[in-house]
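Below is one structure, written out as structure tokens; comments come after it.
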Amino acid sequence: MSHLSKTCGQQKDPIRAFTLIELLVVIGIIGTMMALIMPAFRGFGRSASMNGSVAQVRSTLSLARQFAINKRQNVHVVFVYSNTVSSLPAEAWRVNRSYAVFVSTNGSQGYYLKEWTALPPGVVFTPSATNFPGSSKKGDNVMAGGLVQTFAFPTTSSSTLAAMRAIQFSADGSISSGSINAIYITEGVVETNGVMLVRTNGLKFGVDAKQLTGQIRVRDYNQ
């Protein structure tokens, strides 16, 4: 009986809960931390997207050069620019974003070696390299004044012929005479009507092929 009385007389410690003020303070701290780290995550995503784009363009140029050497044929890496889609408004989203490898069998006759590749959203080929460091890096821009040739577009079975900017590799792997050889890549968007908006202070890279050898190199303009 005495045992029961002792047990019943014990009081439990009260459960301590967070007050509203404490919860608001914690939420505020979490919000501040997220605001600080989110720009870093966004920057990481931008960098990864750009690096992937540059690597893909470099790989495509290397593929075109190697195919030209192996098959002893002229091979073009072709790029969609504003004049390409003048009669095909549905393809305007490709402007300054899409590229492909075209193997020439007889002048403009031939076939696409693989399907068109598009740069990811937020990355574009820029026709203006004036904001890239180095005064000499302007006159070799394919998208501004490169070789223009006409091919079936967007597939070889298409009845539509379209003018495209091109880098042409000769059968020995060099850059053909009259073909300039640099591509400038930066951050921007292409609207559905083909209008391009370039990001101020965006990441900047160049990919070019040496004229005599066709060897591909990447230039980082962010350092």
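The values are calculated or read from the model by the stated rules, or taken from the named source; none is laboratory data. This one's a predicted model, so the numbers in the text were calculated from it and none came from an experiment. Reconstructed Cβ throughout: ideal geometry from the backbone, glycine too, with neighbour counts over all protein chains shown. Note: accessible area is taken over every heavy atom of the protein model, side chains too, but ligands, DNA and RNA are not part of it. Shrake-Rupley method; radii C 1.70, N 1.55, O 1.52, S 1.80 Å.
Could you give the accessible area per residue of the stretch 128-178, probe 1.4 Å, as a whole number in Å²?
For the stretch 128-178, the per-residue accessible area is 42 Å².
Could you derive backbone 3J(HN,Hα) for the stretch 87-96 from the dihedral phi with the Karplus parameters 6.51, -1.76 and 1.60 (θ = phi - 60°), listing whole Hz in sequence and x where the residue is Gly or Pro?
Coupling constants for the stretch 87-96: 10, 10, x, 5, 9, 4, 5, 7, 4, 6 Hz.
At 7 Å along Cα-to-Cβ for each site, give me the label-to-label distance between Ala55 and Asn193 in nm.
Simple spin-label model gives 3.7 nm for this pair.
So what is the relative contact order for the stretch 71-223, in percent, with contacts set as C-alpha pairs under 8 Å and at least six apart?
This gives 24 percent for the stretch 71-223.
How far, in nm, would the chain grow between Lys114 and Val148 when pulled straight, counting 0.36 nm per residue and subtracting the alpha carbon separation?
10.2 nm
What nm distance separates the two modelled labels at Ser87 and Asn131, each placed 7 Å from Cα along Cα→Cβ?
Label at Ser87, label at Asn131, 3.5 nm between them.
On the full set of protein chains, 1.4 Å probe, figure out the accessible area of Val148 and give it in Å² to the nearest 10.
70
Please work out the FRET efficiency for the pair Thr156 and Ile21, using the Cβ-Cβ distance as r and a Förster radius of 41 Å; give the result to the nearest 0.05.
The value I calculate is 0.05.
Just want to confirm a number: the relative contact order over the stretch 149-216, from Cα pairs under 8 angstrom separated by 6+ residues, in percent.
Value for the stretch 149-216: 27 percent.
Ranked by accessible surface with a 1.4 Å probe, highest first, in what order do Val101, Val198 come?
Per-residue accessible area, sorted high to low, gives Val198, Val101.
What FRET efficiency would be calculated for the residue pair Asn106, Asp220, taking the C-beta separation as r and a Förster radius of 41 Å, to the nearest 0.05?
The calculated FRET efficiency here is 0.55.
Put Leu63, Leu197 in order of accessible area, largest first, 1.4 Å probe: what do you get?
Greatest to least solvent exposure: Leu197, Leu63.
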